[in-house]
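A.B. asks: Starting off with a structure, shown below.
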């Protein structure tokens, strides 16, 4: 039979299929098509390790794996969500017709082709050839993305979109994502709307919802997602975005329900189990949180798609249930991971929290107090972020509940609130983290009220024609509290009234200096990508 394409002999392929006969047939077909190197895996976990350790040009993956926790779709979703699946890899899912209805809407998110069994060899070859041709057309774009030249890649996408050249719809999809991440939401929206004008593609509608969310149009984003999900109830990525939208709207119950639905649709997805488990930990049922986090840990703790924050919260739940043996195992796992990255500030913070919980569980209270005091001493450091603040509250209030009250705990709550309560959502998440001691909710909410009052006062000054006074007040308070809301508002006011502020360049330097040390942190549950442990 003819070669798939002229460069196929250089390609590396991976076949993932639990059935030996099907796997052998697929391997033989790829070799017949001229592929130089074909590897195979019978288990999802083994395939995950292969795909996380090195790139492949082609991946053929069976959807259904009897007796395994994960499906092929779960595997591909996790790799994509963790950004471990290169854009230049051709991914083909193979499934029986019964499974197709479960994942057809979501399949387009990460796959280049979806083949229904029984299929002919020629049909599979045709789908592979089409996908390979599309990758060749987009190669200049994909190469720049791989090299992290995101603006250059976005510009190429925009050119292809504007000329409506071959592959422009796929270029628009990549370009919209790049533009959104580069802060160019208007261009992203324009590209996505042009795609929708030609075909009603679910991914384009979801892209519009993500763009609406990015620019703060939460109600519009929610309406777009509700409309999409009413027509495509199995489109799992849309539930991911809906969860974020609802969380920012303060609809925590709806957010939990959306993420629960996403994890139900992909029950072996480590990332989605963690997102649901973390949100349930703060706002939902603790038993459900423990079940989701334990499941994610069991199937994915060795994967790059797993985030160790999930283990921190699982350890807290194990402490609450007096599961000392399981807590000790979590501590041992954390120490093992830390040994692999001993310089990670984030992992060291995690290890301190789990150690403190284990000390409390084994009645080593002085050691727990020492750990908590050490964390309290770090609250104004640049690397101490919103996630660290929630973890500190979580362990400090459990210490407090054991009748070991720290003398300066109320002051510490005020410092944390003034730094990290940038919105009602973040304020309530801090309160939720401290729920073991409800009386500490007062200082946290007072801290947020103080920040809100400062912001309102500055806006009033600006409206009254005193933008310089507004900027200087905001910047002074931001330098004292390290609150990113005040800093962002100072920057916005300066930009808007630059002509009326004589020493604008010097003020900008102060803003930039503070921003370079203290970053803005979002209100989302943070699940880091590989390489971000030191954030």
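The values are calculated or read from the model by the stated rules, or taken from the named source; none is laboratory data. A quick note: this is a predicted structure, and the numbers were derived from the prediction, not measured. Here the Cβ positions follow ideal geometry from the backbone for every residue, glycine too, while neighbour counts run over all protein chains shown.
A.B. asks: Considering every residue within region 190-212, establish whether at least one is in contact (Cβ under 8 Å) with a residue 24 or more places away in the chain and over 26 Å from residue 236 (Cβ atoms).
C.D. replies: No - not one qualifying residue is present in region 190-212.
A.B. asks: Can you name the residue in region 236-263 that is in a loop (DSSP other than H, G, I, E, B) and touching a helix residue (DSSP H, G or I) at 6+ places or on another chain (Cβ under 7 Å) and, of all such residues, is surrounded by the fewest Cβ atoms within 10 Å (Cβ to Cβ)? Let's see the steps before the verdict.
C.D. replies: Going through region 236-263, the residues in a loop (DSSP other than H, G, I, E, B) turn out to be 249-251.
The next check asks that each one be touching a helix residue (DSSP H, G or I) at 6+ places or on another chain (Cβ under 7 Å); those that pass are 249-250.
Details: 249: 16, 250: 14.
Selected residue: 250.
A.B. asks: Suppose the filter is exposed (fewer than 14 other Cβ atoms within 10 Å of the Cβ), at pLDDT below 95 and not in a loop (DSSP other than H, G, I, E, B); does residue 534 pass it? Explain how you work it out, then say what you get.
C.D. replies: On the way: exposed (fewer than 14 other Cβ atoms within 10 Å of the Cβ): yes; at pLDDT below 95: yes; not in a loop (DSSP other than H, G, I, E, B): no.
In short, no.
A.B. asks: Can I ask one more? Right, residue 266: within 19 Å of residue 82 (Cα to Cα) and crowded, with 24+ Cβ neighbours inside 10 Å or not?
C.D. replies: Answer is yes for this residue.
A.B. asks: In the list 347, 327, 416, which residue meets the criterion of being surrounded by 14 or more Cβ atoms within 10 Å (Cβ to Cβ), assigned to a helix (DSSP H, G or I) and in contact (Cβ under 8 Å) with a residue 40 or more places away in the chain?
C.D. replies: Numbers: 327 fails: in contact (Cβ under 8 Å) with a residue 40 or more places away in the chain; 416 fails: in contact (Cβ under 8 Å) with a residue 40 or more places away in the chain.
Of the residues listed, the single one that is surrounded by 14 or more Cβ atoms within 10 Å (Cβ to Cβ), assigned to a helix (DSSP H, G or I) and in contact (Cβ under 8 Å) with a residue 40 or more places away in the chain is 347.
A.B. asks: Could you check residue 380 against (1) touching a residue at least 24 places away in the same chain (Cβ under 8 Å); (2) farther than 19 Å from residue 315 by Cα; (3) part of a helix (DSSP H, G or I) and say which number it fails?
C.D. replies: Of the numbered conditions (1) touching a residue at least 24 places away in the same chain (Cβ under 8 Å); (2) farther than 19 Å from residue 315 by Cα; (3) part of a helix (DSSP H, G or I), the odd one out for residue 380 is (3).
A.B. asks: Give region 21-41 a look and list any residue that's over 19 Å from residue 115 (Cβ atoms) and surrounded by fewer than 17 Cβ atoms within 10 Å (Cβ to Cβ), or say none.
C.D. replies: Let us first name the residues in region 21-41 that are over 19 Å from residue 115 (Cβ atoms), namely 34, 36-37, 39.
Result: 36, 37, 39.
A.B. asks: From the list 315, 388, 341, 361, pick out the single residue that is touching a helix residue (DSSP H, G or I) at 6+ places or on another chain (Cβ under 9 Å), at pLDDT 90 or above, more than 20 Å from residue 274 (Cα to Cα) and buried (at least 20 other Cβ atoms within 10 Å of the Cβ).
C.D. replies: Working: 315 fails: more than 20 Å from residue 274 (Cα to Cα); 388 fails: more than 20 Å from residue 274 (Cα to Cα); 341 fails: buried (at least 20 other Cβ atoms within 10 Å of the Cβ).
Of 315, 388, 341, 361, the one residue that is touching a helix residue (DSSP H, G or I) at 6+ places or on another chain (Cβ under 9 Å), at pLDDT 90 or above, more than 20 Å from residue 274 (Cα to Cα) and buried (at least 20 other Cβ atoms within 10 Å of the Cβ) is 361.
A.B. asks: In this structure, is residue 173 more than 25 Å from the chain's Cα centre (by Cα) and either modelled with pLDDT under 90 or assigned to a helix (DSSP H, G or I) (or both)? Can you show your working first?
C.D. replies: Numbers: more than 25 Å from the chain's Cα centre (by Cα): no; either modelled with pLDDT under 90 or assigned to a helix (DSSP H, G or I) (or both): yes.
It is false that residue 173 is more than 25 Å from the chain's Cα centre (by Cα) and either modelled with pLDDT under 90 or assigned to a helix (DSSP H, G or I) (or both).
A.B. asks: Among 294, 221, which is surrounded by 24 or more Cβ atoms within 10 Å (Cβ to Cβ) and free of Cβ contacts under 8 Å to residues at least 40 places away in the same chain?
C.D. replies: Values: 294 fails: surrounded by 24 or more Cβ atoms within 10 Å (Cβ to Cβ).
Exactly one of 294, 221 is surrounded by 24 or more Cβ atoms within 10 Å (Cβ to Cβ) and free of Cβ contacts under 8 Å to residues at least 40 places away in the same chain, namely 221.
A.B. asks: Follow-up question, since we're still on this one. Here are 395, 372: which of them is more than 23 Å from the chain's Cα centre (by Cα), in contact (Cβ under 8 Å) with a residue 60 or more places away in the chain, crowded, with 22+ Cβ neighbours inside 10 Å and part of a helix (DSSP H, G or I)? Spell out how you get there, then give the answer.
C.D. replies: Details: 372 fails: in contact (Cβ under 8 Å) with a residue 60 or more places away in the chain.
None of the others qualify; the one that does is 395.
A.B. asks: Across region 183-206, what is the total count of residues that are part of a helix (DSSP H, G or I), within 24 Å of the chain's Cα centre (by Cα) and closer than 16 Å to residue 228 by Cα?
C.D. replies: 6
A.B. asks: Considering region 436-457 alone, what residues qualify as being under 33 Å from the mean Cα position of the chain (by Cα) and farther than 15 Å from residue 416 by Cβ?
C.D. replies: Step one: of region 436-457, the residues under 33 Å from the mean Cα position of the chain (by Cα) are 436-456.
Hits for region 436-457 are 436, 438, 439, 452, 453, 454, 455, 456.
A.B. asks: Taking residue 123, is it surrounded by fewer than 20 Cβ atoms within 10 Å (Cβ to Cβ) and either in a helix (DSSP H, G or I) or in contact with a helix residue (DSSP H, G or I) (Cβ under 7 Å, 6 or more places away or on another chain) (or both)?
C.D. replies: On the way: surrounded by fewer than 20 Cβ atoms within 10 Å (Cβ to Cβ): yes; either in a helix (DSSP H, G or I) or in contact with a helix residue (DSSP H, G or I) (Cβ under 7 Å, 6 or more places away or on another chain) (or both): yes.
Considered against the rule, which asks whether it is surrounded by fewer than 20 Cβ atoms within 10 Å (Cβ to Cβ) and either in a helix (DSSP H, G or I) or in contact with a helix residue (DSSP H, G or I) (Cβ under 7 Å, 6 or more places away or on another chain) (or both), residue 123 comes out as yes.
A.B. asks: Let me ask something additional. Among the residues of region 160-172, are any more than 30 Å from residue 233 (Cα to Cα) and surrounded by 15 or more Cβ atoms within 10 Å (Cβ to Cβ)?
C.D. replies: So the first thing to find is which residues in region 160-172 are more than 30 Å from residue 233 (Cα to Cα), and the list is 160, 162-166.
Restricting the remaining residues to those that are surrounded by 15 or more Cβ atoms within 10 Å (Cβ to Cβ) gives 160.
Looking for residues that are more than 30 Å from residue 233 (Cα to Cα) and surrounded by 15 or more Cβ atoms within 10 Å (Cβ to Cβ), one finds at least one in region 160-172, hence yes.
A.B. asks: Does region 419-435 hold any residues that are within 25 Å of residue 284 (Cβ to Cβ), assigned to a helix (DSSP H, G or I) and over 22 Å from the mean Cα position of the chain (by Cα), and which are they?
C.D. replies: First, pick out the residues of region 419-435 that are within 25 Å of residue 284 (Cβ to Cβ): 420-435.
Now narrow it down to the ones that are assigned to a helix (DSSP H, G or I): 420, 424-433.
Scanning region 419-435 gives a single hit, 431.
A.B. asks: Still on this structure: Return the only residue of 458, 449, 433 being closer than 15 Å to residue 481 by Cα and either surrounded by fewer than 17 Cβ atoms within 10 Å (Cβ to Cβ) or at pLDDT 90 or above (or both). Lay out the reasoning, then the answer.
C.D. replies: Working: 458 fails: closer than 15 Å to residue 481 by Cα; 433 fails: closer than 15 Å to residue 481 by Cα.
Going through 458, 449, 433 in turn, the sole match is 449.
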